[in-house]
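A short write-up of the structure that comes next.
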Amino acid sequence: MSGIKKLAGQTMWYGVSSIAARFIGYLLAPLLTYSSHVKIADFGRQSLLYSAIPVLSILFTYGFETAYFRFSGRPEYKKSIFSTSFFSLLITTIVFSTVLWFYQDTLSNIVGFADIPQIAQLTICIIAIDTVCRIPFAKLRQEERPVKYAFVMVTGIFINLILVWFFVNYCPAQLQKDPENWVGKIFDMNKNPIMYVVLANLIQSIITLLLLSKEIARLHFTFNIKLWKEMMLYALPLLIVGFGGIINETFDRLMLKAWLPGTVEFKNEQVGIYNACYKLSLLITLFIQAFRMGAEPFFFKQAEEQNPQRVYARVMKFFVIVVATMFLVVSLFIPVWARMIGPGYRAGLKIVPILLLANIFLGIYYNLSIWFKLGKSTITGTYITLIGTAITIAINYFFIPYIGYMAGAWATFFCYGSMMVICYQWGQKKYPIPYATKKIVAYIVIAVLVFLFHKGVTSLIPQTIFSLGLGTVLLGAFIWFILLIEKKEFQKLPVVGKFIK
């Protein structure tokens, strides 16, 4: 239990930074969707841009972050792991950035910003700087310094948010009042506001790099060729896993634009609506992100202890309890969460419960995937991810022309659901872990049934106050039920145990 307590504490700190990081996107949603200066189509184009960035980031990092955790525990590599990893990414980042710079027109055309070439240039700089920061961030995680990690992330993100507000809301308002206002020297009303959003992101990346300069300054100018080769052999399959994962997570926006019938303007608007509503699955997404930050190094270290499988099983159960509760917190109170986006984007709210469940499946998959990450079988993750990618592409290709962005939501659901099931079945044969499978499935099914009951009743009595009241009662009943079933488990937790006798 002490290991789980430690993981929970680290997850809390990583959660602070992850929530802040993700909240950039979510707080940008109301800032941009409520702004009279940002068109729905431009918001859609921005969504496409921020779907392309993670794909390129996977190429730039090529699995070295996970490889860093895998080999950092080896005593013979302790002194060279940081410098070898950092310089490997630094050199390849320079090469990849140069190539991308020569093909920036292609990038601009893919994301729909061919009319604003500066956006592609700013984007390349963002990807390059963020890549250089990856290993210093990994070092903070490996050394179990979540407070410093959170400070660096939150500081950069806070500045980003302030800058976006300044460029998108403050500057236009001031220039409308007084065309001679001083902000006119740094802000041009004739330029697309999305360019300033990307500029704010670049400034955030630069500040983050500066805040990590102390860690970078500790570099030893050594490069261990033997270690590098071992890391590459371990990491390259993860590159394919990363590509597949990003395709499953973000390519639905690009596919929606490519395969949806209609004008370019209509396609961009649909992408904008889909992306805005996608952000309402934020609570589970944030928790999963925070959990991954703490769990990845924790799982690798736990493998060195006695009977790690028992710990992995208990972590899984607590994880599912939390995400099932979060599913209800969002799905039962959609009218509240919907206010995070402008009225013109709320037509897509029906995708939110589907995406919430999809993200639960993804979180469970991350827990399950420890069995192949611990060994030298990372190629297994490649196979599973490619299956998920095939499902994503197939469903989107065949159904987007008929049901639009609903195809993207269902593709995400079936993709992550399939990956979860395959990983579980395969893993139990190779590395058996005593998961409380029946309880885990039951908790998820009960949460879905509670949501369906709430949806059915509120369709008969469509009043917001009644909906929120009923949702509160049902959420409280679900939590009470969980505490009743898992009473002994929760009594072992210091904070919760005080209130459960």
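The values are calculated or read from the model by the stated rules, or taken from the named source; none is laboratory data. For clarity, every value in this text was computed on a predicted model and none was experimentally measured. Here the Cβ positions follow ideal geometry from the backbone for every residue, glycine too, while neighbour counts run over all protein chains shown.
In region 97-129, the qualifying residues are those that are of a type in the set (Gly, Ala, Ser) and farther than 21 Å from VAL264 by Cβ, and the one that is surrounded by the fewest Cβ atoms within 10 Å (Cβ to Cβ) is SER97. Among residues that are touching a Lys or Arg at 6+ places or on another chain (Cβ under 9 Å), of a type outside the set (S, T, N, Q) and closer than 30 Å to LYS267 by Cα, ALA394 is not included.
Given the structure, is GLU76 surrounded by fewer than 19 Cβ atoms within 10 Å (Cβ to Cβ), out of contact with any strand residue (DSSP E or B) (no Cβ under 9 Å at 6 or more places or on another chain) and among the charged types (D, E, K, R)?
Judged against the criteria, GLU76 is a match.
Scanning region 175-193 turns up no residue that is among the hydrophobic types (A, V, I, L, M, F, W, C) and either within 30 Å of LYS350 (Cα to Cα) or touching a Lys or Arg at 6+ places or on another chain (Cβ under 6 Å) (or both).
Residue count for region 40-83 satisfying the condition of being more than 24 Å from PRO237 (Cβ to Cβ) and under 25 Å from the mean Cα position of the chain (by Cα): 11. Within region 386-409, restricting attention to residues that are of a type in the set (Phe, Trp, Tyr) and over 16 Å from ILE273 (Cβ atoms), the residue that is surrounded by the most Cβ atoms within 10 Å (Cβ to Cβ) is PHE399.
For region 244-287, which positions are free of Cβ contacts under 8 Å to residues at least 40 places away in the same chain and β-branched (Val, Ile, Thr)?
Restricting attention to region 244-287, the residues satisfying the condition of being free of Cβ contacts under 8 Å to residues at least 40 places away in the same chain are 258, 262-263, 266.
Correct list: THR263 only.
Scan region 455-490 for residues that are of a type in the set (Asp, Glu) and either free of Cβ contacts under 8 Å to residues at least 60 places away in the same chain or in a helix (DSSP H, G or I) (or both) and report the count. Result for region 455-490: 1.
Here ILE94 passes the criteria (1) surrounded by fewer than 19 Cβ atoms within 10 Å (Cβ to Cβ); (2) within 30 Å of ASN268 (Cα to Cα) except the one numbered (2).
A single member of VAL197, VAL154, VAL164 is over 25 Å from ILE40 (Cα atoms) and either surrounded by fewer than 19 Cβ atoms within 10 Å (Cβ to Cβ) or not small (Gly, Ala, Ser) (or both), and it is VAL154. Of the residues making up region 101-160, those that are over 28 Å from GLU215 (Cα atoms) and in a loop (DSSP other than H, G, I, E, B) are TYR103, GLY112, PHE113, ALA114, ASP115, ILE116. Of the residues making up region 294-315, none is at pLDDT 85 or above, under 25 Å from LEU49 (Cβ atoms) and not β-branched (Val, Ile, Thr). Scanning region 252-263 for residues that are in contact with a helix residue (DSSP H, G or I) (Cβ under 7 Å, 6 or more places away or on another chain), in a helix (DSSP H, G or I) and not charged (D, E, K, R) gives LEU254, MET255, LEU256, TRP259.
Filtering region 101-143 to residues that are among the aromatic types (Phe, Trp, Tyr), farther than 27 Å from ALA67 by Cβ and in contact (Cβ under 8 Å) with a residue 40 or more places away in the chain leaves only PHE113.
Among the residues of region 35-52, is any assigned to a helix (DSSP H, G or I), under 18 Å from ALA138 (Cα atoms) and either modelled with pLDDT under 65 or polar (S, T, N, Q) (or both)? There is no residue in region 35-52 that is assigned to a helix (DSSP H, G or I), under 18 Å from ALA138 (Cα atoms) and either modelled with pLDDT under 65 or polar (S, T, N, Q) (or both). Within region 45-60, the residues that satisfy the criterion of being surrounded by 24 or more Cβ atoms within 10 Å (Cβ to Cβ) and among the hydroxyl-bearing types (Ser, Thr, Tyr) are SER47, SER51. A residue that is crowded, with 22+ Cβ neighbours inside 10 Å and of a type in the set (Asp, Glu) occurs somewhere in region 250-272. Being surrounded by fewer than 19 Cβ atoms within 10 Å (Cβ to Cβ), farther than 27 Å from VAL457 by Cβ and of a type outside the set (Lys, Arg) holds for only one residue in TYR383, TYR365, and it is TYR383.
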